[in-house]
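The values are calculated or read from the model by the stated rules, or taken from the named source; none is laboratory data. Not measured: the values here are computed from a predicted model. Virtual Cβ from ideal backbone geometry, glycine too; neighbours counted across all protein chains shown.
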Amino acid sequence: MGSLLSPSPLALVPFVSVAQMMTLVGRVGLDTLLKSLADQIEADFRRWPVFDKMPRVPIHSRDGVIEVMPTSDGSYYSLKYVNGHPANLARGYQTVTAFGLFARVDTGYPLLLSEMTLLTALRTAATSALAARYLASPSAKTMAIIGNGAQCEFQAVAFREIVGVETIHLFDVNPDATAKAMRNLAEVGIDARAFATREEAVARADIITTCTADKRNATILTDNLVGSGQHINAIGGDCPGKTELHRDVLLRAKIFTEFTPQSRIEGEIQQLDDDYPVTELWRLISGDAPGRETERDITVFDSVGFAIEDFAALRVIHDLVGRHPDLAEPLDLIADPDDPRDLYGMLKRALGTAASNGATD
Ligand code: NAD
């Protein structure tokens, strides 16, 4: 138990700031962290039926969307706040920012608060690479990335570490974005090549990642651009009315989703009938459903981002903070009166303390 002025340890919630997340990535290593995230997401996808699942809860506006993404496995609970504002780029802001919370179910007390802008990029890349490890041709060595913004390098590094991709082809309508990605990827020893057109970028790629941001039904990939055997990792279509693939690409492909009820609302498959057959990735991971069956299959991972990926990511960060306590700072977040029923008394004592200290406003 503690007072307002000296909270008890139970009331202090570890908080991982952006600066601490960067220190954590540096200490653990980006490659190792991406692999840990992919392993935890894979393990949690294997436990899929135990989770409470719902499509995320969005509030849409003219410029974007703000969403909350909750889930629980019965012992722990997680919640992410995330926005998606494609027009932010022109304002000098990021398209996607996020923070999240990990809590215990038995008491409802939070165990961790964390920045999740970086963590979302990391878990998205880990999920994409995990899906590709199951779906892409085992001989895949080259990936095209269309859209070279915030997510791009995370995807490239994750695919190198988890899938074994050796060469990245880059294309963006904004050459500055491609130049930025070229610089960043060169620093981590990735063989990245810039292309002047998306046609050239995707032509000889085994995997195509689309991660553009535009709040409309875009056609980043038309049917003629996709050849047999390619795996498409479509992450930018993640909102109603915001897609990246032409419908004909979907009709030729085997489609894999995260949580299908959410993907029907937000994913590429919003372009298809509500009963169009798709396979949830967790079934493939659990050995319940087939993935790629021939070298000629076209596979699509219709990624929108699902709460269980954030749950897994927060759990990994929670475990790391347990081993590296200096990577979080204690937040006085939970009111903790000496008598749990006397919240008012705790406030009254604090007001008395303030008055005796001469506070006037
Ligand atoms: P960003 O705004 O930083 O980058 C997007 C890039 O796409 C920009 O460089 C822009 O110039 C480029 N672009 C736009 N239209 C293009 C086109 N027609 N052809 C080629 N390039 C084009 O955004 P980000 O943070 O990298 O996110 C990319 C997308 O991924 C967003 O739509 C975001 O909502 C989505 N996203 C999905 C998940 C998921 O889990 N599926 C997670 C995070 C982000």
Fill in the blank from the handout: Flagged in the stretch 145-169 as in contact with a Lys or Arg (Cβ under 8 Å, 6 or more places away or on another chain) and over 13 Å from Ala38 (Cα atoms), in numbering order, are Ile146, Asn148, Gly164, Val165, Glu166, Thr167, Ile168, His169
Exercise for the section: Filter the stretch 148-164 down to residues that are crowded, with 23+ Cβ neighbours inside 10 Å and of a type in the set (Gly, Ala, Ser) and give me whichever is nearest to the chain's Cα centre (by Cα). Expected result: Ala158
Problem - Positions within the stretch 148-164 being in contact with a helix residue (DSSP H, G or I) (Cβ under 6 Å, 6 or more places away or on another chain), more than 8 Å from the ligand (Cβ to nearest atom) and part of a loop (DSSP other than H, G, I, E, B), in sequence order - result: Val163
Handout entry: Criterion (within 9 Å of the ligand (Cβ to nearest atom), at pLDDT 95 or above and polar (S, T, N, Q)) met by exactly one of Thr167, Thr212
Key = Thr212
Exercise for the section: Considering each of Val105, Val82 in turn, give the residue that is closer than 18 Å to Asp52 by Cα and among the aliphatic types (A, V, I, L, M). Expected result: Val105
Exercise for the section: Would you confirm whether any residue within the stretch 180-188 is away from the ligand (no atom under 16 Å from the Cβ), under 18 Å from the mean Cα position of the chain (by Cα) and at pLDDT 95 or above? Expected result: no
Exercise for the section: Please determine, by comparing only the residues of the stretch 59-94 that are surrounded by 18 or more Cβ atoms within 10 Å (Cβ to Cβ) and within 20 Å of Glu244 (Cα to Cα), which one is nearest to the ligand (Cβ to nearest atom). Expected result: Gly84
Fill in the blank from the handout: Of the residues in the stretch 137-147, those that are among the hydrophobic types (A, V, I, L, M, F, W, C) and either surrounded by fewer than 24 Cβ atoms within 10 Å (Cβ to Cβ) or within 9 Å of the ligand (Cβ to nearest atom) (or both) come to Ala140, Ile146
Practice task
From Leu119, Leu112, grab the single residue that is within 16 Å of the ligand (Cβ to nearest atom) and crowded, with 19+ Cβ neighbours inside 10 Å.
Solution key: Leu119
Problem - Residue ranges of strands (runs of 3 or more DSSP E) in the stretch 186-228 with at least 3 members in contact (Cβ under 8 Å) with a residue 24 or more places away in the chain and closer than 14 Å to Asp248 by Cβ - result: 217-221
